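The values are calculated or read from the model by the stated rules, or taken from the named source; none is laboratory data. No experiment lies behind these values; they were computed from the predicted model shown. So basically every Cβ, Gly included, is an ideal-geometry build from the backbone, and we count neighbours across all protein chains shown. Areas reflect the complete protein model, heavy atoms only, side chains present, ligands, DNA and RNA absent. Shrake-Rupley method; radii C 1.70, N 1.55, O 1.52, S 1.80 Å.
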Amino acid sequence: MSNESSLSGLTVGFIGGGNMAYAIASGLLKNGILQPGQIQVTATKVENLTERWTPLGVTHLGTDNIALMKQCNIIFLCIKPQMLATVSKPIYTYAQHWQKIDCTDKIIVSILAGITLERLYSSFSALGTTTIVRTMPNTPMQVGLGCTVYCTASKEMSDVVLELYNSLKIMLGSLGLAFEVQESQINAVTGLAGCGPAYVYEFIEALADGGVKQGIPRAMALQLAAQTVMGAAKTVLATGKHPAVLKDEVCSPGGATIHGVHALEQGSMRGTVMNAVEKATKRSAELS
């Protein structure tokens, strides 16, 4: 059974239509994993969604999170961590005073940095026995080169939920690397891969600026810098060699590269990057 056919019966919802929701959905659409009609998106205002999501062919756009939860099999929670209570409290109130929302055969997927499974289950306790998966994706998902880790506290799953969980694995795997991990590792992955694209963009910009300083036109310098980073990253993945080995292969004795590497060492590049990962990891933990 192909990925497309195995997921063809799913309806996937996104509570929050911002950058990460768009990255995930656009990647799934681009890869043919989902079709536009299978996707629903909610936000505080529909007009915030229309301009961005309509070109993808997604027409199920609205503001009713409860309706979305009732209609979708897999629900991505793509809001800012500080908005968790704003989203969960109306759902709790509705379920307690109006009508039960049965999510027994559904999966809620959180991308909220720093928000633990324990807190997520507490926030959505009104949904009864449901399965919540905590993930940490990154934005290169939209071009099929993302990194995602995920975990769940559910030890036993019904056949329906297990099929949904396997479908979720297919979805995440289609967008790049995907690893199931212990929850204790998630904050560190946030600091490395979740925030990492921003570090790399800074490096690309700096590399291009260096080229411009040496007389290369801006547009060309940016393309060369981005292609250089992409090529180097693919070489690491394709060869399986340690980056230090690959670096040594480029550094000929007395050559230009080793002089450049020396300058990076003088600027404490490696220590600075390690500090960035550490700071982001600690901040992720603080958000919980």
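Does segment 102-166 come out rounded, prolate or oblate, given a ≥ b ≥ c as the square roots of the eigenvalues of its C-alpha gyration tensor, rounded meaning a/c under 1.5 and, failing that, prolate meaning a/b above b/c?
Oblate.
In 5 Å bins starting at 0, how do the alpha-carbon pair distances of segment 49-140 split up by percent?
2, 12, 23, 25, 20, 11, 6, 1, 0
How high is the FRET efficiency between Phe203 and Cys251 when r is their beta carbon distance and R₀ equals 22 Å, given to the nearest 0.05?
Once the sixth-power term is evaluated, E becomes 0.75.
To the nearest 10 degrees, how steeply does helix 256-266 sit against the main Cα axis of the chain, on a 0 to 90 scale?
That helix lies at roughly 60 degrees to the long axis.
Quick check: convex hull of the Cα atoms in the chain, volume per residue, rounded to a whole Å³? Don't skip to the answer; put the middle values down first.
Details: hull volume 43.9 nm³, N = 288.
Each residue corresponds to 152 Å³ of Cα convex hull volume.
Given contacts defined as C-alpha pairs under 8 Å and at least six residues apart, what's the relative contact order of segment 7-57, whole-number percent? Walk me through the numbers before you get to the answer.
Numbers: 43 pairs, mean separation 23.1, N = 51.
Once divided by the residue count of segment 7-57, the mean separation gives 45 percent.
State log₁₀ I(q)/I(0) for segment 1-113 at q = 0.16, 0.19 Å⁻¹ as given by the Debye formula over alpha-carbon point scatterers of equal weight, solvent excluded.
The Cα Debye sum returns log10 ratios of -0.72, -1.00.
When the chain is fully extended, how far beyond the present Cα-Cα distance does Gln96 get from Lys213, taking 0.36 nm per residue of separation? Show your work: numbers first, answer last.
Numbers: separation 117, 0.36 × 117 = 42.12 nm, distance 6.33 nm.
Length difference between fully extended and current span is 35.8 nm.
Could you list, in their original order, any pairs among Lys80/Lys213; Lys89/Lys282; Lys80/Lys155; Lys89/Lys169; Lys30/Lys100 whose Cα atoms are separated by more than 32 Å? Walk me through the numbers on the way to the answer.
Details: Lys80/Lys213 39 Å; Lys89/Lys282 28 Å; Lys80/Lys155 28 Å; Lys89/Lys169 29 Å; Lys30/Lys100 36 Å.
Result: Lys80/Lys213; Lys30/Lys100 exceed 32 Å.
Roughly how many nanometres apart are two label points built 7 Å out from the Cα toward the Cβ at His259 and Ile66?
Once both label points are built, they end up 7.0 nm from each other.
By how many degrees, 0 to 90 and rounded to 10, does the Cα axis of helix 19-30 deviate from the longest principal axis of the chain?
The helix 19-30 is inclined about 90 degrees to the chain.
Would you mind calculating the gained length between Arg283 and Leu237 on full extension (0.36 nm times residue separation, minus the Cα-Cα distance), in nm to one decimal?
Details: separation 46, 0.36 × 46 = 16.56 nm, distance 2.87 nm.
Extending this stretch completely gives an extra 13.7 nm.
May I ask what percent, to the nearest 5, of DSSP beta bridges between residues of the chain are antiparallel? Walk me through the numbers before you get to the answer.
On the way: 4 of 28 bridges.
Among the beta bridges of the chain, antiparallel pairing accounts for roughly 15 percent.
What whole number of Å gives the distance from the Cα centroid of segment 1-77 to the Cα centroid of segment 158-211?
The two parts, judged by their Cα centres, are 19 Å apart.
Based solely on its DSSP helices, what 222 nm [θ] is calculated for the chain when runs of n ≥ 4 H residues each add -39,500 (n - 2.57) and the sum is averaged over all residues, nearest 500 deg cm²/dmol? Display every interim value, and only then the final one.
Numbers: 13 runs with 148 residues, N = 288.
Value at 222 nm, helices only, nearest 500: -15500 deg cm²/dmol.
Please work out how much accessible surface Val109 shows to a 1.4 Å probe, ignoring ligands, DNA and RNA, in Å² rounded to 10.
Here the accessible area works out near 0 Å².
Please give, to one decimal in nm, the separation of the simple spin-label points placed at Thr104 and Gln182, each 7 Å out from Cα toward the Cβ.
3.3
Would you mind giving the three semi-axes, in whole Å and largest first, of the ellipsoid equivalent to segment 12-181 according to its Cα gyration tensor? Show your work: numbers first, answer last.
Working: eigenvalues 101, 77, 43 Å².
Here the semi-axes work out to 22, 20, 15 Å.
Taking 0.36 nm per residue of separation and subtracting the Cα-Cα distance, what length does fully extending Leu56 through Ser122 add? Working shown, then result.
Details: separation 66, 0.36 × 66 = 23.76 nm, distance 3.43 nm.
Here the answer is 20.3 nm.
Go from 0 up to the bin containing the longest alpha carbon distance in segment 239-288, width 5 Å each, and give me the % of pairs per bin.
Result, from short to long distances: 4, 17, 16, 17, 16, 11, 8, 6, 3, 1 percent.
From the backbone phi of segment 213-218, what are the Karplus-calculated ³J(HN,Hα) couplings (6.51 cos²θ - 1.76 cosθ + 1.60, θ = phi - 60°) in whole Hz, Gly and Pro given as x?
3J(HN,Hα) across segment 213-218, in whole Hz: 4, 8, x, 7, x, 3.
Helix 84-97 sits at what angle to the longest principal axis of the chain, using alpha carbons and giving 0 to 90 degrees rounded to 10?
10
Could you work out the equivalent-ellipsoid semi-axes for segment 139-288, taking the square root of 5 times each eigenvalue of the Cα gyration tensor, largest first, in whole Å?
Values: eigenvalues 257, 64, 48 Å².
Those come to 36, 18, 15 Å.
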